[in-house]
Every structure is written in structure tokens, then in C-alpha cells.
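*Asks:* The structure under discussion is supplied below as C-alpha cells; questions concerning it will follow.
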Amino acid sequence: MKRPNISRNVIRRLPRYLRKLDELSAAGVERISSSEFGTKLGFTPSQIRQDLSCFGEFGQQGYGYNVARLRAEIAHILGADRSYSIILVGTGRIGQSLIENINFSRLGFRLLGAFDIRPELIGRQIGEITVQDAAMVHEFIRENGVDIAILSTNRDQAQSVAEGLIASGIHAIWNFTEMELDPGQSGVVVKGIHFSDSLLELSYFLSEAN
């Protein structure tokens, strides 16, 4: 069910909630108050309650939140319990790092394959994934009904590769190319990761502090 008018800032905070709940669960914490939860995240209790109230009522007066239940509810809101399938296109340093360092299955995603055009990378084993020839990616998408593509190609290839992925049936692109992609009228969701933006945000806060 679609929930209209949910602030993007609320959505951006939900993954942080999920990560913290995973930490709490691993530490054996079974319940937590909004005050304690907010302190651990650097948010006010009212911010926690306001964010969660956008999706329902998850806590109890005088009890707080059941950690396991709240974790499951937030995972459901974020779609992490739907087992979306993913491929990665471009297995240079960034692509390899993503495969090696992100636990996709823990987040509820299935990493099905990785693709590259460079002969020296095709056939290479990265974790449990064997890099395939990018010439096969469109057929692979159609045969496997892939939902999401992670794009980490060179900037100058990004738009044309994205267009090919969209034409093959991809529904969303996680873009690491630092290139603004135009999905046209396809309705495909594009999320760009700009490392330079984070660095400039740090620069801003340093400037404000001096």
C-alpha cells in the first residue's frame, strides 16, 4: 500500500533505525524506550515517535518498543522482506568493494550476478559471484526478472548503459558513477550516490565550526 506525503527525510532516517535495531538485537536488547533509542541515534524522542507514527503505532506507553518487532516492521516498510533481486554492472574497485562489503542477503536482497566489459575481469571470482561478460546482461535481466541494477561503470558509459538496463526491464538503479542519469519517461527509480557531496557536507560543517 502506498503511503502519500511521507517526507524523504523520514525515509532517509529509517535505514539508520534498522541498523541500530540490528545492533541492539545482537547485543541481546529486547525492548527500548523512545528516549533511549533517540539517545543512541542522536535524535530526540519526539523525532523517533513522529517518524514512526507515519506508518502506524509500534510502541506501548510505559513499555517502549519491542526491538525484534520494530526491526521487522521497519524492514517491511523499507521492502527489505521482499527479496528484491540485484545485479551489479561495472566491477572495478567500487563494484568489487560493494560485493565484498555489503551483506545483501542480510538486508533482504539477492545479488544474482556481476557484469563487466573488460576481458581481464570476466571470469574473476569476487566473493561468491563470478563476473560475467556484460554482453550477456540484457538476456540475464530478462531471464531472471531482475529488479535492481547497481551501476558502477565509467562516467562516460553511464547513461548509455543505464538506458540499456531500463530497456531490458530493470525497475531501479543504484548509481555510483557520479553522473546524473536521466531515466526518461520509464518510471525507473534512480538513486545516485555522490561521494563528493558527503565530502562537501563535511567541509560545510567544518567551516561553520570555525
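Readers should treat all values here as calculations from the given coordinates under stated rules, not as data from a laboratory. Given the structure is predicted, the values throughout are model-derived calculations rather than measurements. With ideal geometry, Cβ positions are generated from the backbone for all residues, glycine too; neighbour counts draw on all protein chains shown.
*Asks:* Nearest 10 degrees, 0 to 90: what angle lies between the long axis of helix 195-209 and the longest principal axis of the chain (Cα atoms)?
*Replies:* The answer is roughly 40 degrees.
*Asks:* Please report the equivalent ellipsoid semi-axes of region 104-210, computed as sqrt(5 x eigenvalue) of the Cα gyration tensor, largest first, in whole Å.
*Replies:* Value: 29, 17, 14 Å, ordered largest first.
*Asks:* May I ask for the angle, rounded to the nearest 10°, between helix 67-77 and the longest principal axis of the chain, with both axes built from Cα atoms and the value confined to 0 to 90°?
*Replies:* Helix 67-77 sits roughly 50 degrees off the main axis of the chain.
*Asks:* How do the peptides 200-207, 120-127 rank, highest first, by the average count of neighbouring beta carbon atoms within 10 Å per residue?
*Replies:* 120-127, 200-207
*Asks:* On to the next question. Of the candidates 168, 196, 53, which one comes out as most mobile in a Gaussian network treatment of the chain with C-alpha springs shorter than 10 Å?
*Replies:* Checking each option, the largest mean-square fluctuation is seen for 196.
*Asks:* Where does helix 8-26 land angle-wise versus the long Cα axis of the chain, in degrees 0 to 90, nearest 10?
*Replies:* Between helix and principal axis, roughly 80 degrees.
*Asks:* What are the ³J(HN,Hα) values, in whole Hz, obtained from phi via the Karplus relation 6.51 cos²θ - 1.76 cosθ + 1.60 with θ = phi - 60°, for each residue of region 85-95 in sequence order, with x given for Gly and Pro?
*Replies:* Whole-Hz 3J(HN,Hα) from phi for region 85-95: 9, 9, 10, 10, 10, x, 10, x, 4, 5, x.
*Asks:* Can you compute the charge dipole magnitude of the chain about its Cα centre, using +1 on each Lys and Arg Cβ and -1 on each Asp and Glu Cβ, nothing else charged? Give it in debye, rounded to the nearest 20.
*Replies:* About 740 debye.
*Asks:* What Kirkwood hydrodynamic radius do you get for region 1-121 when you take the inverse of the mean 1/r over all pairs of distinct Cα atoms, in Å?
*Replies:* On the way: mean 1/r = 0.0613 Å⁻¹.
Across region 1-121, the inverse of the average 1/r is 16.3 Å.
*Asks:* How far is the Cα center of region 164-210 from the Cα center of region 19-57, in Å?
*Replies:* Cα centres, region 164-210 to region 19-57: 28 Å.
*Asks:* (1) 1.01; (2) 1.37; (3) 1.17: which one is Cα Rg over 2.2 N^0.38 Å as calculated from this entry?
*Replies:* Matching entry in (1) 1.01; (2) 1.37; (3) 1.17: (3).
*Asks:* Further question on the same structure: For a quick check, take a GNM of the chain with Cα springs below 10 Å and name the residue from 114, 68, 80 with the largest mean-square fluctuation.
*Replies:* 68
*Asks:* Tell me which residues come under 5 Å, amide H to amide H, from residue 84 once H is placed; ignore anything under 5 positions away on its chain.
*Replies:* Counting only residues 5 or more places away or on other chains, the set is 110.
*Asks:* If contacts are Cα pairs under 8 angstrom and at least 6 residues apart, what is the relative contact order of the chain in percent?
*Replies:* 13
*Asks:* Can you list residues whose amide H is under 5 Å from residue 175's amide H, if they're 5+ apart or on another chain and H is modeled 1.01 Å from N?
*Replies:* Correct list: 151, 191, 192, 193.
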